[in-house]
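Structure record follows, encoded as structure tokens.
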Amino acid sequence: MAKGIWQRTAIRLGRRNGDDEVAAGVEGVLPGETATARAAHASLRGERKGLRALWPFLGPAFVAAVAYVDPGNFATNISSGAQFGYLLLWVILCSNLMAMLIQSMSAKLGIATGKNLPEVCRDRFPRPVTFFLWIQAEIIAMATDLAEFIGAALALNLLFGIPLLPAGLLTGVGVFGILALQRRGFRPLEAIISALIGVIVLGFAFQMFYAQPPAERILAGLFTPQFAGTESVLLASGILGATVMPHVIYLHSALTQRRVEGRNDEERKKIFRFERIDVVIAMAIAGTINASMLIMAAALFHANGLTGVGDIDKAFEQLKVVASDNAAILFGLALLSSGFSSSSVGTMAGQVVMQGFINRRIPLFLRRLITMLPALTILAIGVNPSRSLVISQVVLSFGIPFALIPLLIFCRNRNLMGVLVNHRVTTAVATVVVALIVCLNVFLLYRTFFS
């Protein structure tokens, strides 16, 4: 009888949460456990094989990967390809490998501790340090959101001729709609964000098909590290230094912390192996998108002598000239998808930052409304959108060390991480990567303010 009462309760809860499998009242379900969690534990027990075993674990890295194809990446990659052709493709490859390592560590922290990076900082650091980390993280989250929000508004302006301020308001409405999916659980949100990434992939796949870049030039650019003067070094630093988005490091650890909870060390190790595959797939897709942006600019702009194309709006207009109206429209749709998805992820990350560092939470929609205001102000006063993207990336550079260094410290701590502690080789490689990214960002800041 008790069993029947539990099954009826599961049906009611499942229908309320929009979870069909819970609504089915499956026998053996733990209270509060979702269909995805049940499938994941079946995979951990060896009851699911191949892609079916991996499927419940896919998603968190795809949400994180959005930060690697945000509107700021559009501007940097297109400018690099237009000025230097295929020369800096190898920088994107290196950046992507670094992203895989760092996002794997972030996911691992959540799995090992059941807490996200800001929460661990709050537990391990003195209160003044935690408060400082929270303030800088909020500033970084707002700067990141500024770029993403303006990118989406710019896309609406280019595609439909909507003035930037009304386009910004429409962007806010769109992002509110995406965030509303969180009420139905993480799977619908992951699905819509993955679909938006798919739009970006299709958009640049068409550009590649139209441009037909020479394969030998692509291979040479990918595997031949080289520069062509100080400007190419600066652009390479921009690509590499902005690879790591602080807000998405915080978020990724939150996405994995309780998504599938390992009940023992062996299960936690299996969960991490699955999540590492998730990271590799998602980051590989993001890297391919970034490379295709640069290749498109190299084949269509640099090859035609249009080396001055750096702003997104200029790229949109020039695509109409050197390619076709359809190519420009697909570029605009990719930018729009990037802006919507990355702005939604940025808002989620901001919520994680506040909850983790100071144990406070405000409604997600109120947070979205607050973070809209700086972007709407910039659009209202008529600041150049592409210039705003550049400024936001400079502000973003300040926050990178404050996310990376604590992550590295925690992941090498055996008492905290248990069986998922970094291997010595992993720690050594991660230390080099962190030092390199921090130095590059210091270099960028120096060039920005003192040269």
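Read-outs throughout are calculated quantities, based only on the coordinates presented, and are distinct from any laboratory measurement. The structure presented is a predicted model; accordingly, all values stated were derived computationally and were not measured. Neighbour counts run over all protein chains shown; Cβ positions are idealised from the backbone, glycine included.
Before rounding to the nearest 500, sum -39500 (n - 2.57) across all DSSP H runs of length at least 4 in the chain and divide by the residue total; then give [θ] at 222 nm in deg cm²/dmol. Let's see the in-between values first.
Numbers: 21 runs with 355 residues, N = 451.
Only helices count here, giving -26500 deg cm²/dmol.
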Give the lysines reachable from residue 320 as a straight Cα distance under 22 Å; neighbours fewer than 8 places away on the same chain don't count. none
1/(1 + (r/R0)^6) with r = Cβ-Cβ of residue 215 and residue 429, R0 = 35 Å, i.e. FRET efficiency to nearest 0.05, evaluates to 0.70
Measuring from label point to label point, each 7 Å out along Cα→Cβ, what is the residue 132 to residue 326 span in nm? 5.7
Along the charge dipole of the chain, pointing to its positive end and built from +1/-1 on Cβ of Lys, Arg, Asp and Glu, which listed residue (309, 114, 375) has its Cα farthest out? 114
Label points 7 Å out from Cα along the Cβ direction at residue 125 and residue 361: separation in nm? 2.2
How would you order 289-301, 176-188, 34-46 from highest to lowest mean count of nearby Cβ atoms within 10 Å? 289-301, 34-46, 176-188
Compute the acute angle (0 to 90°) between the alpha-carbon long axis of helix 265-300 and the principal axis of greatest extent of the alpha-carbon atoms of the chain; round to the nearest 10°. 20
Given R₀ = 30 Å, FRET efficiency for residue 415-residue 186 by Cβ-Cβ distance, to 0.05? 0.50
Angle between the Cα long axis of helix 312-322 and the longest principal axis of the chain, 0 to 90 degrees, nearest 10? 60
Using 0.36 nm times the number of residues separating residue 202 and residue 176, minus their current alpha carbon distance, what extension gain do you get? 6.9 nm
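Using the number of other C-beta atoms within 10 angstrom as an exposure proxy, rank 121, 439 with the fewest first.
On the way: 121 24, 439 12.
Least to most surrounded, the residues fall as 439, 121.
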Which whole-Hz couplings ³J(HN,Hα) result when phi for each residue of the range 58-63 is put into the Karplus expression 6.51 cos²θ - 1.76 cosθ + 1.60, θ = phi - 60°, listed in order with x for Gly and Pro? 6, x, x, 5, 5, 5
FRET efficiency for residue 223 and residue 269, using Cβ-Cβ distance with R0 set to 45 Å, rounded to 0.05: 0.85
Note down the nm distance, to one decimal, between modelled labels 7 Å out along Cα→Cβ at residue 51 and at residue 317. 4.5
Angle in degrees between helix 35-44 and the longest Cα principal axis of the chain, rounded to the nearest 10: 80
Pairwise Cα inverse-distance average, inverted: Kirkwood Rh of the range 48-450 (Å): 21.1
Hey, got the dipole for the range 36-144? About the Cα centre, +1 on K and R Cβ, -1 on D and E Cβ, debye to the nearest 20? 580
Charges only on Cβ, +1 for Lys and Arg, -1 for Asp and Glu: so what's the dipole of the chain about the Cα centre, in debye to the nearest 20? 1600
